[in-house]
Amino acid sequence: MRFLPRLLLTALCAVTGVALLHAAEDTAPDEQMLRALYTAALTSGPAYDQLRELTAKFPGRLSGSKNLEGAVQWAKSTLEQTGVDRLELQPVMVPHWERGARETVRYYSRQLVSPAKLTAVALGGSVPTPAGGLRAPVVELHALDELKTADVKGKIVFFNRPMNPIHLSTGKAYGEAGDQRNRGPGEAGKYGAVGVLVRSLTLAHDDVPHTGYTGYLPDVPRLPAAALSTSAADNLSAALKADPTLTAEMIINSRWFDDAPSHNVIGELRGSEHPEQIILVGGHLDSWDIAPGAHDDGAGIVQSIEVLRLLKAVGYTPRHTIRCVCFVSEENSGNGGKAYAAAAGAKKEVHLLALESDNGGFQPVGFRLGNPARDAASRAGRWTKLFAPYGIYFFHEGEGGSDVNPLLPLGYPVGELMPDSQRYFDIHHTAEDSIDKVNPRELELGAAAMASLIYLVDKYGL
């Protein structure tokens with residue numbers, strides 16, 4: 001096809017679309033550029049050392065915390081060292097919730113001489129229990145709809161639906177089971193329950209509890225809520241079968257404060273031809289208070305910073321502005337992404353692509369892309385052969401990460417890096433999300449994959 005006369009090729013492209021044009025182009029320069037980006041990442045990338053520093057100095061970077069604000073300054077300094085052309089701290093107001101003293105959950109049964117402790121953590125945003133704790137009978141449910149028919153008044157509701165193991169995408173299983181954590185406490189308040197326990201959202205069977213956000217409803221009593229480890233959930237379920245009259249005790253010492261000021265950290269390489277048009281890469285700087293936040297989402301932060309370094313390292317001059325954004329408050333409000341989109345809309349900034357890494361720093365296998373025309377993934381799919389040697393084998397239609405999705409209603413394409421997901425939810429939102437769970441090569445492969453996609457979008461458009 002590359003031997004067709006140029007006028008005929010142009011006419012064919014007008015009829016069949018842009019994919020034909022790029023299929024006809026010489027791919028050798030692009031193959032060389034991707035090879036250079038991957039080589040630079042795998043031989044001299046600092047991302048793992050940066051991640052070690054971030055998680056060691058600033059673990060538990062929850063909104064409103066000193067560690068998040070320390071991480072904001074760390075990100076600013078790290079981007080400065082990368083040699084960005086412009087740096088900005090974008091103001092964002094964030095929620096401020098603190099867990100307080102360690103929570104306690106245990107149950108009392110006629111089968112036991114003394115109460116049995118259950119490994120648990122309060123859900124993010126949970127209200128505290130009354131002074132001295134809360135003790136009540138327990139009712140086990142497996143779906144929110146069961147609240148309508150079950151007798152839950154005056155009881156602690158125990159949502160015990162496991163993540164579905166049949167899904168190859170653990171993210172799909174997480175999404176399906178997540179309603180009991182995200183909405184369960186709010187919904188249970190409608191029916192007179194007094195507290196909520198939730199099975200941790202993980203496919204692992206262990207004694208590690210997983211926290212995460214829960215929301216409440218207006219004009220509905222707010223119930224204290226905690227997540228049980230999967231082992232503890234199984235133990236409680238078995239105990240209920242042996243003694244349906246057992247009671248559970250919850251002690252949660254959380255506290256809400258006024259919203260606190262924070263900042264998105266923005267660094268960019270200015271475009272040489274169209275500086276007013278932006279290609280964004282980013283992750284979220286915050287993590288849950290119990291989590292060092294290595295995979296969620298320290299990995300995405302250092303990978304996004306690494307994208308800028310890689311483009312500079314191979315001597316590439318971007319045509320459009322390449323912008324790295326370290327968002328804040330993804331875990332418990334999304335305010336960082338909302339503030340960024342609001343500012344972008346007010347300034348009428350044009351984004352050619354907003355790409356996020358927030359699925360862990362594991363082996364990258366593809367991208368998910370979305371835009372109003374629902375053709376972003378198929379357009380990017382023309383580069384599949386370029387990515388195949390590096391283990392990137394799909395471009396799927398969907399949305400981006402939660403920080404970049406607020407740009408979608410403005411009409412801009414969004415996307416996210418998709419790593420292998422099988423291990424992610426073993427440590428997600430837990431104290432186990434530490435640097436030793438991250439493989440340096442997998443981390444850098446993700447950064448190189450994002451840098452490669454951004455290079456191609458900058459050169460050809462999406």
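Given the criterion without any contact (Cβ under 8 Å) to a residue 40 or more places away in the chain, among the hydrophobic types (A, V, I, L, M, F, W, C) and over 30 Å from Gly83 (Cα atoms), identify the matching residue among Ala238, Ala232. Step through it out loud before you land on a result.
Details: Ala232 fails: without any contact (Cβ under 8 Å) to a residue 40 or more places away in the chain.
None of the others qualify; the one that does is Ala238.
Quick check: anything in region 276-290 open to solvent by 10 Å² or more (accessible area, probe 1.4 Å), of a type in the set (S, T, N, Q) and more than 30 Å from Glu356 (Cα to Cα)? Spell out the reasoning first.
As a first pass, look at region 276-290 and keep what is open to solvent by 10 Å² or more (accessible area, probe 1.4 Å): 276-277, 289-290.
Still in the running and of a type in the set (S, T, N, Q): 277.
Still in the list and also more than 30 Å from Glu356 (Cα to Cα): none.
Looking for residues that are open to solvent by 10 Å² or more (accessible area, probe 1.4 Å), of a type in the set (S, T, N, Q) and more than 30 Å from Glu356 (Cα to Cα), one finds none in region 276-290, hence no.
Which one of these does Ala238 not meet: (1) among the small types (Gly, Ala, Ser); (2) under 28 Å from Tyr340 (Cα atoms); (3) open to solvent by 10 Å² or more (accessible area, probe 1.4 Å); (4) not in a loop (DSSP other than H, G, I, E, B)?
Here Ala238 clears every test but (2).
Residue check: is Gly361 at pLDDT 95 or above, surrounded by fewer than 16 Cβ atoms within 10 Å (Cβ to Cβ), touching a helix residue (DSSP H, G or I) at 6+ places or on another chain (Cβ under 8 Å) and small (Gly, Ala, Ser)?
Taking the combined requirement at face value, the residue does not satisfy it.
Every residue, every condition in (1) β-branched (Val, Ile, Thr); (2) more than 20 Å from Glu416 (Cβ to Cβ); (3) in contact with a helix residue (DSSP H, G or I) (Cβ under 9 Å, 6 or more places away or on another chain), yes or no:
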site	(1), (2), (3)
Gly271	no, yes, yes
His284	no, no, yes
Asp296	no, no, yes
Gln303	no, no, yes
Leu311	no, no, yes
Val314	yes, yes, yes
Thr317	yes, yes, yes
Val325	yes, no, yes
Gly334	no, no, yes
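Please find, within region 427-448, the residue that is most open to solvent (accessible area, probe 1.4 Å) out of those that are among the small types (Gly, Ala, Ser) and within 18 Å of the chain's Cα centre (by Cα).
By that ranking, first place goes to Ala431.
When only residues in region 336-354 that are hydrophobic (A, V, I, L, M, F, W, C) and within 23 Å of Ala380 (Cβ to Cβ) count, which is surrounded by the fewest Cβ atoms within 10 Å (Cβ to Cβ)?
Across region 336-354, the extreme among qualifying residues is Val350.
Filter region 59-70 down to residues that are open to solvent by less than 40 Å² (accessible area, probe 1.4 Å) and outside any helix (DSSP H, G or I), then give me how many there are. Even if it seems obvious, please write down each step before you answer.
First pass over region 59-70, keeping only residues open to solvent by less than 40 Å² (accessible area, probe 1.4 Å): 60-65, 68, 70.
Narrowing the set further to residues that are outside any helix (DSSP H, G or I) leaves 60-65.
Of the residues in that region, 6 qualify.
Scan region 81-96 and tell me whether some residue there is modelled with pLDDT under 95, more than 24 Å from Gly184 (Cβ to Cβ), surrounded by fewer than 17 Cβ atoms within 10 Å (Cβ to Cβ) and not β-branched (Val, Ile, Thr). Give the derivation first.
Residues of region 81-96 modelled with pLDDT under 95: none.
No, that holds for no residue.
Can you tell me which residue in region 284-306 is nearest to Ala56 (Cα to Cα), limited to those that are acidic (Asp, Glu) and over 13 Å from the mean Cα position of the chain (by Cα)?
Asp289
How many of the residues in region 178-214 are out of contact with any Leu (no Cβ under 8 Å at 6 or more places or on another chain) and not acidic (Asp, Glu)? Walk me through it before giving the result.
Our first condition is that a residue be out of contact with any Leu (no Cβ under 8 Å at 6 or more places or on another chain); within region 178-214, this holds for 182, 192, 201-208.
Now narrow it down to the ones that are not acidic (Asp, Glu): 182, 192, 201-205, 208.
Residues meeting the conditions: 8.
Tell me which of these Ser421 doesn't satisfy, since it passes every other one: (1) touching a Phe, Trp or Tyr at 6+ places or on another chain (Cβ under 9 Å); (2) of a type in the set (Gly, Ala, Ser); (3) over 19 Å from Ala291 (Cβ atoms).
So Ser421 meets the others, but not (3).
Hey, Gln73 hits all of (1) surrounded by 13 or more Cβ atoms within 10 Å (Cβ to Cβ); (2) among the polar types (S, T, N, Q); (3) touching a residue at least 24 places away in the same chain (Cβ under 8 Å) but one; which does it fall short on?
Exception for Gln73: condition (3).
Could you count how many residues in region 364-410 are open to solvent by 50 Å² or more (accessible area, probe 1.4 Å), under 16 Å from the mean Cα position of the chain (by Cα) and modelled with pLDDT under 95?
The number of residues fulfilling the criteria is 1.
Any idea how many residues of region 244-269 are crowded, with 16+ Cβ neighbours inside 10 Å and part of a loop (DSSP other than H, G, I, E, B)? Give the derivation first.
Here is the first cut: in region 244-269, the residues crowded, with 16+ Cβ neighbours inside 10 Å are 246-254, 259-260, 262-269.
Okay, now just the ones that are also part of a loop (DSSP other than H, G, I, E, B), so 246, 252-254.
Looking only at that region, the number is 4.
The values are calculated or read from the model by the stated rules, or taken from the named source; none is laboratory data. What you are looking at is a predicted structure, and each value in this text was computed from that prediction instead of being measured. When we count neighbours, we look across all protein chains shown, and the Cβ atoms used for this are built from the backbone with ideal geometry, even at glycine. For accessibility, only protein heavy atoms count, side chains too; no ligands or nucleic acids. Shrake-Rupley method; radii C 1.70, N 1.55, O 1.52, S 1.80 Å.
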